[in-house]
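Step one of this worksheet: look at the structure below.
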Amino acid sequence: MRLLWSVRESARHCAGYKFTTNLLLHKRYYKPWGATIGLELHVQLAAAHKLFSAASAKWDDPPNTNVDFVDAGLPGSMPRLNPECVSLAARAILCLNGQVQPRSSFDRKHYFYSDQPLGYQITQQRHPIGRGGFIELGQADGLDYTKRVRIHQLQLEQDTAKSIHGVYPGYILTDLNRAGVALVEIVSEPDMETAPEAVHFVRKMQSLLRHTGVSSCNMEDGSLRCDVNVSVYRGSEDRLSGTRCELKNLNSLKTIRGAIEAEVSRQVELLSNGQRVKQETRGYDAHSGKTVLARSKEAAPDYRYMPEPDLPALHISEDWIKQIRSSLPELPEATLSRMTRQYGLLPEDVATMLGEPGCISFFEHAARGRDPKRVAAWITSEIFGQLSYRAQRLSDSTLTVQQFAGLLDALASNSITSTQAKTLLIEFMDGDKRAAEELIQAHGWKVMSDTRQLQTLVTQLLNEHPREAAEYKAGHKRRLNFFVAKIMAATKGQARPQD
C-alpha cells in the first residue's frame with residue numbers, strides 16, 4: 001500500500017507546489033497518512049447537435065442563438081434523443097475497457113437554478129449507458145509504478161446554461177447556448193491515492209477521448225470539467241473509512257493537483273489536532289493555495305430522481321455494439337507500442353504526439369520514405385512550438401502534410417538551411433498555400449554550394465578581421481562562431497554552417 005503523507009513521499013509528489021499548512025514543519029505530522037481519491041469527469045461530446053434537440057451544439061456562438069424549444073424548457077416541447085450522442089458515448093466506454101449496457105434509461109434530476117430552465121436535468125443516474133472499465137497507468141504516463149483505476153459508470157446527460165455575472169449590477173444574465181449540449185459523466189472508483197495519480201488519470205483520459213473522436217477535452221474552454229472526492233485515513237485504518245469532501249469545478253491539471261494536495265493537507269491537520277473532518281463541498285483558491293468552503297454537505301441533497309417520462313428506455317443490440325467497437329481507431333497504448341517498435345521513436349515523443357488530435361496520422365503520412373526521427377523531432381519541437389504560440393490545434397492549422405513533406409525533402413537534400421526551413425514553416429502556418437518548392441523559388445533561396453565562392457568570402461573576412469583571425473589561430477576556438485555569423489549574414493543565410 002502506498003502511503004502518501006510520509007515526509008519523503010510528500011516532498012517527492014508535491015515538488016514545485018506550495019503547501020497550505022505546516023505539514024512538513026512539525027514532527028507530529030510525520031506519521032504516514034493515506035489519501036483516497038475519486039474523480040467525476042464531465043466531458044462534452046463532439047456532436048454537431050444537442051442531446052435532445054436539433055439546435056447546434058456550438059455553445060460559443062453569440063449568446064442565445066443556438067436554442068431550441070426543448071433547451072429553453074418551453075411548455076409542450078418534447079426531448080428527442082440524438083443518436084450521434086449515443087454512438088459517441090458507446091465509443092467512450094469501449095475505449096475505457098468497459099461495457100455498453102444493452103438497456104439504459106433516463107432520469108430527471110430536480111433542482112432549481114437560473115442555469116437550468118427545465119427545473120431538472122435529464123441524466124442517467126440509475127441505469128447508465130456504460131459500466132465498468134479501467135485506465136492503466138504506468139511508466140509511459142509518468143509514474144514509476146503501475147496503477148489501475150477502475151471506472152464505476154459512464155452516463156449521458158445534458159449540460160446546463162451559462163450564468164453571466166457582473167454585466168448589470170444585481171442581475172444574472174443567462175446564455176442558453178450551452179443548455180442541452182451533450183455530456184458524458186465518467187465516474188471513477190476511489191482507487192487513486194496521490195495527486196499525481198489523479199493528474200495522470202485525467203491526462204490519459206484526455207488522450208483516449210481525443211484519439212477516438214469522442215471529445216476535444218479542452219479544460220480551458222470547459223469541454224472537460226473535473227470534480228474530485230478526497231478523504232484521508234491513518235495508515236492502520238480502512239482506506240475508505242475517511243470522511244469525503246468534494247472539490248468542485250477544477251479547470252486545469254495544475255489546479256487538480258494543487259487542490260488535492262491542499263485538501264489532503266487540510267484534512268490531515270484537522271485529524272492530527274483531534275478535530276473532525278466535515279462532509280463538505282469545497283472550491284480551490286489557487287492564489288492562496290487553499291480549499292474554501294462552498295456549502296455543507298452533511299447529507300446527500302434530495303434531487304428527487306424520477307424516470308424521465310418523455311424518453312423511452314434505450315435498447316442496444318450486440319451487433320450495434322460490435323459495429324461501434326470495430327470503428328474505433330487503434331488505441332493509444334497500442335499505438336505507443338507499435339510506433340516505438342516500427343519507427344524507433346522515443347516513447348515520450350510518441351506520447352507527445354498522441355496528445356494532439358490527428359498528429360499520429362500526420363506523422364505517419366509525413367514519415368513515408370523519410371527519416372522518422374527527423375520527422376518526429378520537427379513535429380514535437382517546431383510545429384508544436386508554433387501551435388503553442390498561436391494557441392491552435394494541429395487540426396485547425398493551415399499546414400498540410402504535403403507542405404511539411406516538401407520542407408523536409410528540401411532540408412534533406414541541402415536545398416535550404418535549417419533557418420530557412422523554419423521560416424518556411426512559419427509561412428505555411430500563416431496561411432500560405434503554396435508548395436515548399438514554389439516558396440523556395442519565390443524567396444530566391446538556394447544553399448550556396450560553390451566552394452570556390454565560399455573560399456573567396458572566407459578569405460575576404462579573414463583579411464577584414466585580422467585580430468579575430470589571429471585570436472582563432474592562437475587557440476581561441478570560440479572565434480569560429482564570429483566568422484560563421486559573419487558568413488551567414490553575408491550570404492543571407494544561404495551558406496550552411498557545417499561547410
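Being aliphatic (A, V, I, L, M), open to solvent by 50 Å² or more (accessible area, probe 1.4 Å), at pLDDT 95 or above and in contact with a helix residue (DSSP H, G or I) (Cβ under 9 Å, 6 or more places away or on another chain) is true for just one of Ile426, Ile383, Ile324. Which residue is that?
Result: Ile426 is the single residue among Ile426, Ile383, Ile324 that is aliphatic (A, V, I, L, M), open to solvent by 50 Å² or more (accessible area, probe 1.4 Å), at pLDDT 95 or above and in contact with a helix residue (DSSP H, G or I) (Cβ under 9 Å, 6 or more places away or on another chain).
Every listed requirement among (1) more than 23 Å from Lys204 (Cα to Cα); (2) more than 18 Å from the chain's Cα centre (by Cα) is met by Met339 save one, (1). Residue-level analysis places Ala442 among those that are over 30 Å from Leu209 (Cα atoms), outside any loop (DSSP other than H, G, I, E, B) and open to solvent by 40 Å² or more (accessible area, probe 1.4 Å). Can you tell me which residue is modelled with the lowest pLDDT among those in the range 342-359 that are of a type in the set (Gly, Ala, Ser) and under 22 Å from the mean Cα position of the chain (by Cα)? Out of the qualifying residues, it is Gly355. The criterion of at least 3 residues that are of a type in the set (Val, Ile, Thr) and either modelled with pLDDT of 95 or more or open to solvent by less than 40 Å² (accessible area, probe 1.4 Å) (or both) is met by the following strands (runs of 3 or more DSSP E) wholly inside the range 222-320: 224-234. Of the residues in the range 363-377, none is of a type in the set (A, V, I, L, M), open to solvent by 40 Å² or more (accessible area, probe 1.4 Å) and over 29 Å from the mean Cα position of the chain (by Cα). Look at the range 319-335: where a residue is touching a residue at least 24 places away in the same chain (Cβ under 8 Å) and a partner is open to solvent by less than 70 Å² (accessible area, probe 1.4 Å) and part of a loop (DSSP other than H, G, I, E, B), sitting 6+ places away or on another chain with Cβ atoms under 7 Å, you get Leu328/Thr212; Pro329/Thr212.
Taking the condition of being of a type in the set (Ser, Thr, Tyr) and either touching a Gly at 6+ places or on another chain (Cβ under 9 Å) or part of a helix (DSSP H, G or I) (or both), how many residues in the range 411-426 meet it? Qualifying residue count, the range 411-426: 4. Filtering the range 37-51 to residues that are more than 30 Å from Thr281 (Cα to Cα) and either in a loop (DSSP other than H, G, I, E, B) or of a type in the set (Val, Ile, Thr) (or both) leaves Ala47, Ala48.
Whether any residue in the range 188-202 is of a type in the set (Gly, Ala, Ser), farther than 30 Å from Ser56 by Cβ, outside any strand (DSSP E or B) and in contact with a Leu (Cβ under 7 Å, 6 or more places away or on another chain) is what I want to check. Checking the range 188-202: at least one residue is of a type in the set (Gly, Ala, Ser), farther than 30 Å from Ser56 by Cβ, outside any strand (DSSP E or B) and in contact with a Leu (Cβ under 7 Å, 6 or more places away or on another chain). Taken over the range 445-481, residues that are in a helix (DSSP H, G or I) and either modelled with pLDDT of 80 or more or of a type outside the set (Phe, Trp, Tyr) (or both) amount to 24. For the range 188-202, the criterion of being of a type in the set (D, E, K, R), surrounded by fewer than 23 Cβ atoms within 10 Å (Cβ to Cβ) and within 30 Å of Arg103 (Cα to Cα) is met by at least one residue.
Just checking, does the range 58-68 include any residue being open to solvent by less than 30 Å² (accessible area, probe 1.4 Å), more than 27 Å from Ile93 (Cα to Cα), touching a residue at least 40 places away in the same chain (Cβ under 8 Å) and out of contact with any helix residue (DSSP H, G or I) (no Cβ under 7 Å at 6 or more places or on another chain)?
Yes, there is a match, as at least one residue in the range 58-68 is open to solvent by less than 30 Å² (accessible area, probe 1.4 Å), more than 27 Å from Ile93 (Cα to Cα), touching a residue at least 40 places away in the same chain (Cβ under 8 Å) and out of contact with any helix residue (DSSP H, G or I) (no Cβ under 7 Å at 6 or more places or on another chain).
The values are calculated or read from the model by the stated rules, or taken from the named source; none is laboratory data. Here the structure is a predicted model, which is why all the values come from computation and not from measurement. Cβ: placed from backbone, ideal geometry, glycine included. Neighbour counts: every protein chain shown. Calculation scope for accessible area: heavy atoms of the full protein, side chains included, ligands and nucleic acids excluded. Shrake-Rupley method; radii C 1.70, N 1.55, O 1.52, S 1.80 Å.
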